[in-house]
Amino acid sequence: MNTNKARNQITKLYFIDGIGGLMIAGASWVALLAARGFSTVEIGLFESIFHVASMIFEVPSGAVADVFGRKKVMITASVMAIISSILMIFTNTFAGISVAMVFSALSYNLASGTREALAYDSLKAAGIENEYSKFASNDMVIYRLTSSLGTLMAGIALMLGYKKANALDILMATAAILIGTTLMEPKSELSHHTSGSARFKEVALESVRFIKENRKARLIIIFNAFIGAVATLIVFFLQAKLPQLGIKTIWLGPALFSVGLGSVIGAKAIEYCTYLRYKYVSLFAVIGIAIAFGSIFTGSIALTMLGAFVGGFADSFIEVRSDVVLNNMIPSSQRATLMSINSFTFSVIMIILSPVFGWIFS
């Protein structure tokens, strides 16, 4: 793969991620389900179902990408998103919505790890893997910004109704599939002369061995997942906390959007701080998350939003750097699998901390 083809591939991945962030029904699923009459308890259960399914599928989906090809898995991720949206349109039962959440989780899992692996190995095939840091930063900026815009359009989603909003998501996912068909598959270090099942077993065993023997990788994965979970939960529960503090409903979307900009700026800022050692970036992340957590108890709308902004900045700051450090450590043949372990760890910590933060914000 030459330099131009590799950079063109990166551009396509940017578009796919941007499309995912702009799926308004996916960004506003809580509000849409509430408008359909589902209780907060049921919505909380749907969130738990998503994370449990995500935890189950995450690592196997990465291994599938390493064995059968990242391009195929990226396309399949969008297909799963379409199935989830179709179920959201045509079902009104708790069981039906639960199944839709499982497909949504599978869509997320298939893309998670696969996207990063495809980007890194494309750049590596062209001999420009040093540009991966720029990709990780820009990709995070695009995803965070489009996700914030998706949240900002929650009112539009509610105005359209869940059927039309999900229909728009189907169109967006279809566009992602069309882009996905033009992606190129970089050559893997893993031999393709063995059967699929044998290769799957080989990838799984080698990935477990890598994690077991590499203490630094384990610590980075756990630390990054913890910081990310705390930052995510703070912003998630702000949807309920800010109205309690007295913010008007009309300003909730813009407030959450402004808080989300912290993540966007943090993702871009780390691109210009490559000279900082990982331990200093980690220290900054801990301080930022501590400020965000402390702001919850101030009782001030402005201070709580400022704290969440700082927490989002710190989260993206460490996440992008962790992504780069891990990819430089990971063998190409197991890249998607091992990056999926990163996401798996995040899901486990989210499941543990979610009820704790629910109690804190109550």
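Once you have a ≥ b ≥ c as the square roots of the Cα gyration tensor eigenvalues for the range 238-296, tell me rounded if a/c is under 1.5, and otherwise prolate or oblate according to whether a/b is larger than b/c. Verdict is oblate for the range 238-296.
Can you tell me what percent of all Cα-Cα pairs in the chain are more than 39 Å apart? Here the tail beyond 39 Å accounts for 11 percent of pairs. The alpha carbon centroids of the range 145-186 and the range 209-280 are separated by 23 Å. Can you tell me how the range 280-362 classifies by the Cα gyration tensor, rounded, prolate or oblate, using a/c under 1.5 as the rounded cut? Because a/c hits 1.5 or more and a/b fails to exceed b/c, the range 280-362 counts as oblate. With the helix formula -39500 (n - 2.57) applied to DSSP H stretches of n ≥ 4, the chain reaches a computed 222 nm mean residue ellipticity of -28000 deg cm²/dmol. Taking the longest Cα principal axis of the chain as reference, the axis of helix 278-295 is set at about 20 degrees. Within the P(r) computed for the range 35-96, what percentage of the Cα pairs occupies the region above 18 Å? Percentage above 18 Å: 51. Can you spot the aspartates and glutamates whose alpha carbon is less than 15 Å from Lys279's alpha carbon? Ignore those fewer than 8 places along the same chain. Counting by Cα, and skipping residues close in sequence, Lys279 has these aspartates and glutamates nearby: Asp315, Glu319, Asp323.
Of all lysines in the structure, the ones whose alpha carbon falls short of 20 Å from that of Lys71, not counting any fewer than 8 places away in one chain, are Lys5, Lys12, Lys124, Lys187. Picking from Glu319, Glu58, Glu42, which is most flexible by a Gaussian network model of the chain using Cα springs under 10 Å? Among Glu319, Glu58, Glu42, the largest mean-square fluctuation in the Gaussian network model of the chain belongs to Glu42. The orientation-averaged shadow of the Cα convex hull for the range 43-134, equal to a quarter of the hull surface, comes to 6.8 nm².
Taking the chain as a Gaussian network, Cα atoms linked when under 10 Å apart, which of Leu33, Leu168, Leu245 shows the biggest mean-square fluctuation? Per the Cα network of the chain with a 10 Å cutoff, Leu245 tops the list. Restricting the range 1-76 to trypsin sites (Lys or Arg not before Pro) that sit in a DSSP loop and have at most 13 other Cβ atoms within 10 Å of their own Cβ leaves Arg36. Relative to the longest principal Cα axis of the chain, at what angle does helix 132-152 sit, 0 to 90 degrees, rounded to 10? Roughly 30 degrees between the two axes. With contacts taken as Cα pairs under 8 Å at a separation of at least 6 residues, the chain carries a relative contact order of 28 percent. Among the trypsin sites (Lys or Arg not before Pro) in the range 261-340, those located in a DSSP loop and surrounded by at most 12 other Cβ atoms within 10 Å of their own Cβ are Arg277. Near Arg36, once Lys and Arg are set to +1 and Asp and Glu to -1 for all other residues with Cβ below 12 Å from its Cβ, the sum equals 0. Using θ = phi - 60° in the Karplus curve 6.51 cos²θ - 1.76 cosθ + 1.60, the 3J(HN,Hα) couplings for the range 78-88 round to 5, 4, 5, 5, 5, 4, 4, 5, 4, 5, 4 Hz; x is entered for Gly and Pro. Using the Karplus relation 6.51 cos²θ - 1.76 cosθ + 1.60 with θ = phi - 60°, the per-residue 3J(HN,Hα) values for the range 14-30 come to 4, 4, 4, 5, x, 4, x, x, 8, 6, 5, 5, x, 6, 10, 4, 5 Hz, with x marking Gly and Pro. Looking at the chain, the accessible area is 45 square angstrom per residue; that uses a 1.4 Å probe and ignores ligands, DNA and RNA. In this Cβ point-charge picture (+1 for Lys and Arg, -1 for Asp and Glu), the range 1-148 has a dipole of about 420 debye about its Cα centre.
The values are calculated or read from the model by the stated rules, or taken from the named source; none is laboratory data. Remember, predicted model here, so these are calculated numbers, not experimental data. Cβ: placed from backbone, ideal geometry, glycine included. Neighbour counts: every protein chain shown. In case anyone asks, the SASA skips ligands and DNA or RNA and just uses the protein heavy atoms, side chains included. Shrake-Rupley method; radii C 1.70, N 1.55, O 1.52, S 1.80 Å.
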